[in-house]
Structure formats: structure tokens, C-alpha cells
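The values are calculated or read from the model by the stated rules, or taken from the named source; none is laboratory data. Since the model is a prediction, treat every value here as computed from it, not as a measurement. Methodologically, a virtual Cβ is constructed for each residue, glycine included, from the backbone with ideal geometry; neighbour enumeration extends over all protein chains shown.
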Amino acid sequence: MLGLDVTCRAIATISLRQAFPNSAHYERFWDASARIAALSGWLARQIRRPKLRPDDAYTFGLFRDCGIVILLRRFPTYMETLVRANNETELAFTAVEQQDIPSNHATIGYLLAQNWWLSDEICQAIRYHHDQSAIELFESGVPLLSRYLVAISQLAEHLLQK
């Protein structure tokens, strides 16, 4: 009755949340990820680029910042890092993270996505979603589909913030 697409998205959302037990105090994070994912999927449907599937846009929107939850659980001071990274105007978000911890949420999310057997394009999009040069430069080696996924999710996030 719901349809296969809706059911698959619901299962992905529930599975990702269940992967982090006792993460109920991250409700705002999960809700924001779900909103970005839903709007990203809708935008992909409207844009209709070859090989750009709404389900991929949804999955990327859902997973793109999942490394944040892992780092919040692993590093007690990571919340302060997040605040600094969100307020930083000069450095990339991931550069601020790497000042405080030995990695960043994009790399951690990329590893999680690979572990979940997501497509290479989605994994690459997660890995490089804060690397402006990798997204802008055609020669960067980042697949075109990955760059589309990042662009759609950034637009979705911008629209939701407005």
C-alpha cells in the first residue's frame, strides 16, 4: 500500500537510527537528516538528470552527515568542535574537525557508507561533500553523479534553512 520506494526509504531511515543505540538525544540531527533526504529526493525527481536517481539523492541526504553521530559518541568534546566548525568563516568544516580530532565526519561517514555497501558514487559524495575543490573541478576524480548528489543536498539544506 505504501509502495516499494517509500518502504525502502523508511527501512533505511530506521536502520541508520538503530545502528546507533541510545541515540535518542540526537533526534534533532535525525530529523534534519530525514528532511534533507526527502527534499533531496524530490529535487532529483524535478531535475531529471541522466543516472541521477531520486533514491540515491535520498540515501545520500540521509547518510551524508552520519559521521557526526559517530564522532559525538566517540569524542566527549566533539560538540564544541561542531559549534566552532559551524561558526567558522575561513576554514572548511572538516578542517576545523581535524584540528581537534584525528579525522572528520566526512571520512568517518564515507567508511560507514562503504561498510553498508552503498554505491561508490554515494560513498564518494559523502567523502567529499565539504571539499569545494573536489566538487567544482571536473578533473578532481570525483564522479559527476557524486557531485550532483552533493549539489542537490546543499540546495535542499539551503532551502530548509530559509
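Here are some notes:
- Near pairs, Cβ below 8 angstrom, 6+ apart or cross-chain, from the stretch 138-150 (small (Gly, Ala, Ser)) to any residue that is modelled with pLDDT under 80: 140/133; 140/134; 141/134
- Residue 135 falls short on exactly one of the conditions (1) among the β-branched types (Val, Ile, Thr); (2) more than 14 Å from residue 61 (Cα to Cα); (3) at pLDDT 90 or above, and that condition is (3).
- Exactly one residue out of 105, 129 is in contact (Cβ under 8 Å) with a residue 60 or more places away in the chain, under 23 Å from residue 31 (Cα atoms) and touching a helix residue (DSSP H, G or I) at 6+ places or on another chain (Cβ under 6 Å): that is 129.
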